[in-house]
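Accompanying notes for the structure given below.
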Amino acid sequence: MVRLEEVGLSYGVGRRAPEVLSDLTFSIPEGGFRWLLGPSGAGKSTLLRMLFLGLRPSRGRLSLLGTDVQSAPREDLPRLRRHIGVVFQDFRLLDHLSVYDNVALPLRLAGWSAMQVRDDVTEMLAWVGLSPKMDQRPPLLSGGEQQRAAIARAVVARPALLLADEPTGNLDDAQATRLMGLFIEMNRLGTTVVLATHNTRLVDRFPARSLVLEQGCLVGDA
Amino acid sequence: MLLVAAMVVLAALGVAGGVAAWSLASEWRQGAGSALMIEVPRPDERSGGESRVDRVLALLQTASQVGSDHLLTQDELGTLLRPWLGGDVGALGLELPAMIEVHLAAPDPGDTNVLLTRLNQAAPGTIAEASDDWSARLLALGQSLAACAGVAVVLVLSVAVALVALAASAGLAAQRETIEILHLLGATDGDVAHRFARRLGGLTLVGGVVGALLALPLLLELATLAAPFGVAPAQQVADQPLSMLTTLPPPIWAGLAALPCAAGAIGWLTAQITVRAWLRRFP
């Protein structure tokens, strides 16, 4: 499902370019759940970015959903991305679209019919408690509402791999618990889930295997 | 969109200028090349019961090369000679030649020479004043004007292309975040480029239409002013305002129709190239 072997990432060119991720080797089986932990600047967001194909490794081997990312032609990557749901730390909603249209985007890009899109988006917005705000634009929403819209967009297409960067950072405890329930339910239905967080209380309440990063290196996988 | 409209106005004026210069050059050439002034000395001298001028007129009316002819009256002759002979030409008692203004059916130097030979046989001493020299100069002037207008059109169109592309590119810069998000959600380069190209192409097309509509009254006004020098009689234009529309030559109408399409195509192409170039930076 997700496999990294000796993966390194540097932004510069040449041997002297410092690596922001070094020698990462781990794997997550299909349907696995992992917390991604570590202090700020440890490389959690960079690793997630690599996993949602926003970056390619500088070295090593990365395999996602059975596809070797290194050797895959660029033209094949969009299809792979459609099977990956992402909750960005800064949400990255499109301000000129309504909440409904933001959540519908992944389905429309995947070529779903208008009726299927309407049914699934309406259901998902009800689940995250945004039905009354579906016609509003993201700038008019609170931080928590934007985060819920971002989560709805990430999961609406029932991705095979779900990646989330601080997905509950702007939510109160009740909302965080409810949305963690959504992630766990998706995981139970077969979605592989990787959640990056600083929130140790959340990790304690939902115990699962954790990947721990420090200064770009994997220091724990248990 | 306003910038596109402004560039289309400029391009339309450039195209109109080029077409007008070329048309005027052609008109001048035709007008000058087909006019001939026949001078018949001793016009009233008779032989065989007919005056010399009558023999020349009879021959002109049967000649196939001649489109129309007009014998200048004494008054017209007086007006023509006034700069040299003063106000009352008749009082001088001079025996003036008859002057006949001839318009040839089709300007052809060979045919003109044949006609002159025949006229001289009918009335020896008849001469014709052709306007070959100055019509050639006029033609050269017209062609030079048309060439200058052509260069101006090419320059204006080049600048218009560059500016429309620049405006389109600047507009897209504000959409960079959107483009990246669509890419990360699984849109192909073609999907993203097509969405933006359709939108930008539409905007530049609308800008082009606005520009063409703004240019139209200017061009109609210019065409009305130029009507006395062209094919549409000025009086007809003044009497029937709608006939202004017919004063614009077909190439200018075609140019006005083509410019918005060109602007739309430039916007579309710019978006395709810019968006695809940006997306190539991502995996």
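The values are calculated or read from the model by the stated rules, or taken from the named source; none is laboratory data. Bear in mind that the values here come from a model prediction, so they are computed numbers and not experimental data. Every residue, glycine as well, gets a Cβ built from its backbone with ideal geometry; the counts of neighbours run over all protein chains shown.
Tabulated values for the structure
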quantity	calculated
Cβ-Cβ under 6 Å pairs, at least 6 apart or on other chains, the stretch B:24-52 side at pLDDT below 70, far side not polar (S, T, N, Q)	B:A25/B:G142; B:A25/B:A146; B:W28/B:L138; B:W28/B:G142; B:R29/B:L139; B:A32/B:L138; B:G33/B:P107
Residue count, the stretch B:82-134 (criterion: in a helix (DSSP H, G or I), of a type in the set (G, A, S) and at pLDDT below 75)	3
Test: residue in the stretch B:173-196 that is more than 39 Å from the chain's Cα centre (by Cα), at pLDDT below 80 and small (G, A, S)	yes
Tally of residues being aliphatic (A, V, I, L, M) and assigned to a strand (DSSP E or B) across the stretch A:1-19	4
Among residues of the stretch A:206-220, those that are out of contact with any Lys or Arg (no Cβ under 8 Å at 6 or more places or on another chain) and either assigned to a loop (DSSP other than H, G, I, E, B) or under 20 Å from A:I151 (Cα atoms) (or both), counted	4
Any chance B:V206 is among the β-branched types (V, I, T) and more than 19 Å from B:W268 (Cα to Cα)	no
Filtered residue count, the stretch A:161-196, keeping only those that are at pLDDT 85 or above, buried (at least 17 other Cβ atoms within 10 Å of the Cβ) and part of a loop (DSSP other than H, G, I, E, B)	3
Long-range neighbours under 8 Å by Cβ, at least six apart or interchain, first residue more than 16 Å from A:A149 (Cα to Cα) and in contact (Cβ under 8 Å) with a residue 12 or more places away in the chain within the stretch A:106-119, second outside any helix (DSSP H, G or I) and of a type in the set (D, E, K, R)	A:L109/A:R82; A:A110/A:R82
Unmet criterion (only one of (1) surrounded by fewer than 20 Cβ atoms within 10 Å (Cβ to Cβ); (2) within 13 Å of chain B (Cβ to nearest Cβ); (3) at pLDDT 95 or above) for A:Q136	(2)
First in the stretch B:184-199 and more than 20 Å from A:L93 (Cα to Cα) and more than 8 Å from chain A (Cβ to nearest Cβ), second anywhere and in a helix (DSSP H, G or I) and among the small types (G, A, S), Cβ under 7 Å, 6 or more apart	B:A197/B:A271
Count of residues meeting criterion [modelled with pLDDT under 85 and aliphatic (A, V, I, L, M)] in the stretch B:64-81	4
Filter pass, B:A227 being more than 30 Å from A:R82 (Cβ to Cβ), at pLDDT 85 or above, in a helix (DSSP H, G or I) and away from chain A (no Cβ under 14 Å)	no
